[in-house]
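Only one structure is covered here, and it is reproduced in the block below.
Nothing in this text is a laboratory measurement; each read-out follows from the coordinates by a stated rule. Here the structure is a predicted model, which is why all the values come from computation and not from measurement. Note that each Cβ is placed from the backbone with ideal geometry, even for glycine, and that neighbours are counted across all protein chains shown.
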Amino acid sequence: MKRTTPTAFDFFPQEESQQTRVSRFFEELRAGRLSTTRCRKDGALLWPPRVACPRCHGEDLEWVELPLTGRLYAFSAVLVGAPLGMEQDLPITVGLADLEGAPLRLFGRIVGAGWERLSVGQRVRVEPFAVPDERVFYRFRVDGGLAENSSA
Amino acid sequence: MSTGRPVALVGGASTVWGVRAATWSELVQEAGARLFAAVPGLAAADVDSLFVGAAEPERFAFQSHVAPLAAELLGLAPHRIVQRTELACASGQSAIRSAYAAIAAGLSEVAVVLGVEKMNLPSMAEANTSMACVMDRPWDGAHGATAPPFFAMVAQRHMLEYGTTPEQLAGVSVKNHRFANSNPDAQFYEKKFSREKLLGLPLVAPPLRLGDCSSMTDGAAAVVLVAGEKARQYTDTPAWVRGSGQHASWHNLANSGSLTDWVGMRSAAREALGSAGITAQQLDFAELHDCFTISELIEYEMLGLCPRGQGGRYLEEGQTEIGGDVVVNPRGGLLGCGHPLGATGVAQAVEVYRQFTHSVPPARQVPDPEWALVHNLSGSANVHSMMVYQRGS
Ligand SMILES: [Zn+2]
């Protein structure tokens, strides 16, 4: 049987509530929403979703929804040297984007345009995508570029 | 800062580095043979401790519990401390720092430090997967990213904020490859790289080209550290450990802050230089972690050798060449020598000893060096490790 799961992911899925305490992140993502946890005591916005606050070490966290748009702070692309299971995805364009309206700079893969057509400050939109083994993950999409050679 | 009793590095050796037709265990054996040849006074029975710097033997060599395996291969029976250190690209220096701490604290008298990595496998995709593990793997690595696109973003920001040019990046590579041409242990010992040739190599992660990136390398290196009062049994010219510093503050890329201001490196430098009681300007040479060309330029700035944003100009002025302010990477750097993760920091320390004892070819000999600094970053430049050495006489 052909193995399709990119192996930079967990060898075994860990997105369900039987496996992780932040399964809600993946449930929300499936519904098209980006979320994370925030400390109720000191307001620290935590990324990735945590179960204890590294600032006050409390465990009283709440889920908050994050904006789905951001502006590119930096980007590049993996032109050679993909991890196992991702060789067919080359080039893999990635970037850091400052979310609009939340103090968070998020890293992710970028689809919709290749690196040659991107610029710092350009708007990106967070979207979920399906990963084999019934998983979900997030990535950025840019509008207006040529279609990229990707799983988009 | 008082840091226990004096500790000296009294010798070391490296294997030949490159794409080696040799296994992880064979590289360890080669390093051992070369170490005992390079340090004639070294008796296995006197070695009470062994520290092994190895980043990912579980993935690259499918082997855990590597410290006792290395002890067996080196013919050592450590009875004080035997351990492995893992700190990705700084695993080797981490092992040296652990040996230093153990000796300074009186827990060890004679310690061998071995650094080793076997990285070249038939499947480079498998090796790239290992490199993705160095990042916050489920959240950052899972996007398909490894080190090159991260440092490419660093370069992009440095170019945007300060006007750094591809030619300046290539200049780092030209210098370090030229030094490597006088280092027979180096992966690129026999390869010549001009700026024009480097600028014509393919892009790996724009704006970084192949010549801006250190390589996947197989190699090992080893050094001996001893309590100060024993140093003269091994050498007339000990390299005294005078300072040490380290800083870690984040791991996930979302928490990186400015890509061009490496706060952790400035902190580690304050700690390392401060504990040695010197300034960066007093250094005669520095082994800096040039995993990518952009790294070395920012490292000049974070060490305080030049103002922020001026790393490219500082290089172009020749300040890091022999005859300049502070010679940087006379060994050939990671760019010229290759970067077997666990071995790099140990080989840098070998270079310190060789420079202090004037035992390198003239083309890379720093004139009469007294002070040297060794730096490794690891991961996404989120950890910085540093040591300062002074030549004894
Ligand atoms: Zn808190």
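The residue among B:Pro184, B:Ser258, B:Ser215 whose Cα reaches farthest toward the positive pole of the charge dipole of segment B:119-268, with charges on the beta-carbon of Lys, Arg, Asp and Glu, is B:Pro184. Got the relative contact order for segment A:14-152 handy, in percent, Cα pairs under 8 Å and 6 or more residues apart? Relative contact order comes out at 20 percent. Along each principal axis, taking the top coordinate minus the bottom one, the Cα set of segment A:24-132 gives 44, 32, 25 Å in descending order. For segment A:23-66, the normalised intensity computed at q = 0.18, 0.26 Å⁻¹ comes to -0.46, -0.82 (log10 of I(q)/I(0), Debye sum over alpha carbons, equal scatterers, no solvent).
Each Lys and Arg contributes +1 and each Asp and Glu -1, all at the Cβ; summed about the Cα centre of the protein assembly as shown, the dipole is approximately 300 debye.
The calculated 222 nm mean residue ellipticity attributable to helices in chain B amounts to -10500 deg cm²/dmol, summing -39500 (n - 2.57) over DSSP H runs of n ≥ 4 and dividing by all residues.
About the centre of its Cα atoms, chain B shows a dipole size close to 120 debye [charges on the beta carbon of Lys, Arg (+1) and Asp, Glu (-1) only; nearest 20 debye].
Candidates B:Ala127, B:Gly53, B:Gln390 compared by Cα position along the dipole of chain B: farthest toward the positive end lies B:Gln390, with charges placed on Cβ. In terms of its C-alpha gyration tensor, the protein assembly as shown comes out prolate, because a/c is 1.5 or above and the ratio a/b outweighs b/c.
Counting only cysteine Cβ atoms and a cutoff under 4.7 Å, the protein assembly as shown contains unmatched residues A:Cys56, B:Cys89, B:Cys133, B:Cys213, B:Cys291, B:Cys306, B:Cys337. Taking a ≥ b ≥ c as the square roots of the eigenvalues of the Cα gyration tensor of segment B:1-57, is the shape rounded (a/c under 1.5), prolate (a/b larger than b/c) or oblate? It is prolate, given that a/c is not under 1.5 and a/b is the larger ratio.
Pairs of Cα atoms nearer than 8 Å and 6+ residues apart set the relative contact order; for segment B:132-291 it is 21 percent. Among A:Ile110, B:Ile96, sorting on how many other beta-carbon atoms sit within 10 Å of each Cβ, with the fewest leading, yields A:Ile110, B:Ile96. Which links in B:Lys118/B:Lys175; B:Lys118/B:Lys191; B:Lys191/B:Lys230 stretch past 29 Å when you go from one Cα to the other? Over 29 Å Cα-Cα: B:Lys191/B:Lys230. Every Cα-Cα pair in chain B was counted, and those over 35 Å apart are 17% of them. As a rough footprinting exposure proxy, the listed residues B:Met159, B:Met387 were ranked by other beta carbons within 10 Å of their own, and the order from fewest upward is B:Met159, B:Met387.
Using C-alpha pairs under 8 Å with a sequence gap of at least 6, the mean separation divided by the residue count of chain B gives a relative contact order of 26 percent. Taking a ≥ b ≥ c as the square roots of the eigenvalues of the alpha carbon gyration tensor, segment A:69-141 is oblate, as a/c is not under 1.5 and a/b does not beat b/c. Among B:Pro78, B:Pro202, B:Pro367, the largest mean-square fluctuation in a Gaussian network model of chain B, built with springs joining Cα atoms closer than 10 Å, belongs to B:Pro202.
Dimensions of segment B:42-144 based on its C-alpha atoms, expressed as ranges along the principal axes with the largest first, amount to 47, 27, 17 Å. Put a plus charge on the Cβ of each Lys and Arg, a minus charge on the Cβ of each Asp and Glu, and nothing anywhere else: the dipole of segment A:69-141 about its Cα centre is then about 280 debye. Near the amide H of B:Val204, within less than 5 Å, lie the amide hydrogens of B:Arg209, B:Leu210, all on another chain or at least 5 residues away, with H placed in the peptide plane.
Here B:Lys197 is the anchor, and the aspartates and glutamates within straight C-alpha reach of less than 14 Å, apart from those fewer than 8 places off in the same chain, are B:Glu167, B:Asp212.
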